[in-house]
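Just below is one structure, and these are the notes that go with it.
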Amino acid sequence: KAIIFTESKRTQEYLHRFLSANGHAGKLVLFSGTNNHEESTVIYQRWLEEYKGTDRVTGSPQVDRRTALIDHFRKDDGTGAEIMIATEAAAEGVNLQFCALIINYDLPWNPQRIEQRIGRCHRYGQKFDVVVVNFVDRSNEADARVYELLDQKFQLFEGVFGASDEVLGAIGSGVDFERRIAEIY
């Protein structure tokens, strides 16, 4: 299970189209503030049918949609999603402890938001190490500057509070990316 965080719905839609066209069709779930994507609505309707008449259905469409999408992502019987593409809506108040790979497709400028994203998966009782991959386009001055500022802020936090893990990691080449992930696992 992998979760990809992005800042915008436009990027979320792009990633959905790209991954669907490249071997992941039917294995994706989108999570946003509205959760009104066509596939999300189908998942929600199936979930409502499955839990009709139970206390799982709260009667609040917004809460029930979120629960339905997380349940679909959690399934490990081959019928659920393998990848969740999420906006910041999934960065707070969501337990994704069953997921062990976080990809920050774009980095927020606020280090707390990165920590919140990681906190969705890295929780007490976690069975597997959580791997965090941060995409940074070093040729893009804005991306490079955001990374530089985040690095400075995390160094400040580490100096004041101490840090248990390196959050931003080292910048590496995309060529070594797959080999490095394989080594980690």
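The values are calculated or read from the model by the stated rules, or taken from the named source; none is laboratory data. Not measured: the values here are computed from a predicted model. Don't worry about glycine lacking a Cβ; one is built from the backbone with ideal geometry, like all the others, and counts go over all protein chains shown. Keep in mind that these areas ignore ligands, DNA and RNA; they rest on the heavy atoms of the full protein, side chains included. Shrake-Rupley method; radii C 1.70, N 1.55, O 1.52, S 1.80 Å.
Would you mention how many residues in the range 102-125 are farther than 21 Å from Asp137 by Cα, assigned to a loop (DSSP other than H, G, I, E, B) and not hydrophobic (A, V, I, L, M, F, W, C)?
Total satisfying the criteria: 5.
Please work out which residue is nearest to Arg65 (Cα to Cα), limiting yourself to the range 96-133 and to residues that are polar (S, T, N, Q) and within 11 Å of the chain's Cα centre (by Cα).
Gln116
Can you confirm whether Val29 is surrounded by fewer than 19 Cβ atoms within 10 Å (Cβ to Cβ) and hydrophobic (A, V, I, L, M, F, W, C)?
No, not satisfied.
Among the listed residues Tyr51, Tyr44, which satisfies the condition of being in contact with a Lys or Arg (Cβ under 7 Å, 6 or more places away or on another chain), at pLDDT 95 or above and more than 29 Å from Val136 (Cβ to Cβ)?
Tyr44
Please report, ordered by residue number, the helices (runs of 4 or more DSSP H) entirely within the range 1-99 with at least 3 residues that are closer than 22 Å to Arg120 by Cα and in contact (Cβ under 8 Å) with a residue 40 or more places away in the chain.
Correct list: 9-19, 61-74.
Provide a single number: the residues in the range 115-130 that are open to solvent by 100 Å² or more (accessible area, probe 1.4 Å), under 14 Å from Lys1 (Cβ atoms) and either in contact with a strand residue (DSSP E or B) (Cβ under 7 Å, 6 or more places away or on another chain) or of a type in the set (Phe, Trp, Tyr) (or both).
1
Within the range 55-109, can you find the residues that are β-branched (Val, Ile, Thr) and open to solvent by 60 Å² or more (accessible area, probe 1.4 Å)? Break it down stepwise before answering.
Applying the first criterion (β-branched (Val, Ile, Thr)) to the range 55-109 yields 57-58, 63, 67, 70, 79, 83, 85, 87, 94, 102-103.
Scanning the range 55-109 gives Thr58, Val63, Thr79.
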